[in-house]
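Below you'll find the structure, written out as C-alpha cells, and then a few comments.
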Ligand code: PGA
C-alpha cells in the first residue's frame, strides 16, 4: 500500500488542484492500494472529490474515546465519516504530543473495534541506531502496542526511522528489508492470533529512491510525507510501485 501523509499541509484550493493533476494521470479505478491521510479538516473534502475512485481516505490520528475530550476526533466519529484507515503512533505524535505506547495501544483497539485499519508507525532515533539498539527498540514498541490484541489481516506497520523523516537520509533497501522481516516475525509471535502484517517503509521516500525499496520482498509499500504534497511526484512513486510490484 502507498499512503500519502499530508501532515499539517493542504488547503481547500490547493487540494482541488492536487486532485485534478492526479486524475489526469490515473483513472478512477487505478487507485487500488493507494491511500491519503489529509488533515482532519480536509478529510471530507478529499473524500468528496475522490468519491468516484477507489482511493482510500484515512486520518493521521484518532482518539481512543469520545465525549469530553476537547479537540479530539474519536474512532467511532472517524468510522461514521467513512475513514478506512488511520496512522497511529507517528513519531511526530509521540514527540510533539507526548503519545506513549500505552496510549497508542488504546487507539489501536479503538480503531479495530470501529472497523478502521490501524497503520502503526514505529522507528528508532539516530542515537538508538548508533548504539546498535534498533531491533530491541522496535521490538519493544511493537510488543507494547500489540501484545494480546486480536489483529485483523489488514493491520499495517509503518517502519519510519526518525532520522530518515524529512532529512533525505535513508537506510539501504537491504537494511530496510531485513528490519521488515524482523518486524513481521515479532508481530506474528506477539499478537493474539499470529497475523503476519504488511510492513511499509517511510522516511524520505522519493521518485528517485522508490524503485530500490519496492524491489525488496518485505517492503510492502510506502508512507510518504514531503514527496506526496506534489501530485506528480506522488504519482511517479505510485507508478514505480505498480511496475515493480506488478500491481
Ligand atoms: P517524509 O515523511 O516522506 O517527508 O520523510 C514521512 C512521514 O513522516 O510519514
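Read-outs throughout are calculated quantities, based only on the coordinates presented, and are distinct from any laboratory measurement. Remember, it's a predicted structure, so these values are computed and weren't measured experimentally. No Cβ is skipped: glycine too gets one built from the backbone with ideal geometry, and neighbour counts run over all protein chains shown.
Would you check if residue 51 is within 16 Å of the ligand (Cβ to nearest atom), over 15 Å from the mean Cα position of the chain (by Cα) and surrounded by fewer than 24 Cβ atoms within 10 Å (Cβ to Cβ)? No: the conditions fail for residue 51.
Out of the residues in segment 206-230 that are surrounded by fewer than 19 Cβ atoms within 10 Å (Cβ to Cβ) and outside any loop (DSSP other than H, G, I, E, B), which is nearest to the ligand (Cβ to nearest atom)? Among residues in segment 206-230 that are surrounded by fewer than 19 Cβ atoms within 10 Å (Cβ to Cβ) and outside any loop (DSSP other than H, G, I, E, B), the one nearest to the ligand (Cβ to nearest atom) is 226.
Against the conditions (1) closer than 19 Å to residue 74 by Cβ; (2) crowded, with 20+ Cβ neighbours inside 10 Å; (3) touching a residue at least 40 places away in the same chain (Cβ under 8 Å), residue 120 satisfies every one except (3).
Against the conditions (1) within 18 Å of the chain's Cα centre (by Cα); (2) within 16 Å of the ligand (Cβ to nearest atom); (3) without any contact (Cβ under 8 Å) to a residue 40 or more places away in the chain; (4) over 26 Å from residue 95 (Cβ atoms), residue 238 satisfies every one except (3). Here residue 158 fulfils each of the conditions (1) within 13 Å of the ligand (Cβ to nearest atom); (2) part of a loop (DSSP other than H, G, I, E, B) apart from (2).
Here is the figure for segment 103-121: residues that are under 17 Å from residue 147 (Cβ atoms) and in contact with a helix residue (DSSP H, G or I) (Cβ under 7 Å, 6 or more places away or on another chain) total 7.
When 148, 203 are checked against the criterion of being within 16 Å of residue 90 (Cβ to Cβ) and either surrounded by 23 or more Cβ atoms within 10 Å (Cβ to Cβ) or away from the ligand (no atom under 16 Å from the Cβ) (or both), 203 stands alone in meeting it.
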